[in-house]
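Let me begin by presenting the structure, written as structure tokens, before commenting on it.
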Amino acid sequence: MAAVLVIAKLTFTDVARYRQYQQAFPAAFAGSGGEILAADEAPETLSGDHADKVVVMRFPSAAAAHTFLNSDAYRQISIDRDAGALTHSWLVKSF
């Protein structure tokens, strides 16, 4: 199994709702097998559109990433994420 990265680019639309998601995230993420490699609310834009936040997570496999992202705990808190930010995310193979 190859490790994967989940990369998310966020543009805030309702910071208070996003902060609710952010508070609930650690409990939902615990036990996922993943790790947070970066979470930056002041990313330097080198090219393309600016993001208010960029998050990079690593998981041991695509299956582990999908299990977390589709878990009841994460789906419940994602309501606040979706209300608080426009999110684009990608799952990419890692080295």
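Every read-out reported here was derived from the displayed coordinates using simple, explicitly stated rules and does not represent laboratory data. Every value quoted in this text rests on a predicted model; they were computed, and no experiment measured them. We place every Cβ from the backbone using ideal geometry, glycine too, and count neighbours over all the protein chains shown.
Just a few scattered comments:
- ³J(HN,Hα), Karplus 6.51/-1.76/1.60, whole Hz, each residue of the stretch 8-17, x for Gly, Pro: 10, 10, 10, 10, 5, 10, 8, 4, 4, 5
- Size of the chain: Rg and Dmax of its alpha carbons, in Å, are 13.1, 38.
- Test item: Cα-centred dipole of the stretch 1-83, Lys/Arg +1 and Asp/Glu -1 on Cβ, debye: 200
- Positive end of the dipole of the chain (Cβ unit charges, origin at the Cα centre): among Gln23, Leu91, Ala62, the Cα lying farthest that way belongs to Ala62.
- Comparing Leu69, Leu46, Leu37 in a Gaussian network model of the chain, where Cα atoms under 10 Å apart are tied by springs, the biggest mean-square fluctuation is seen for Leu46.
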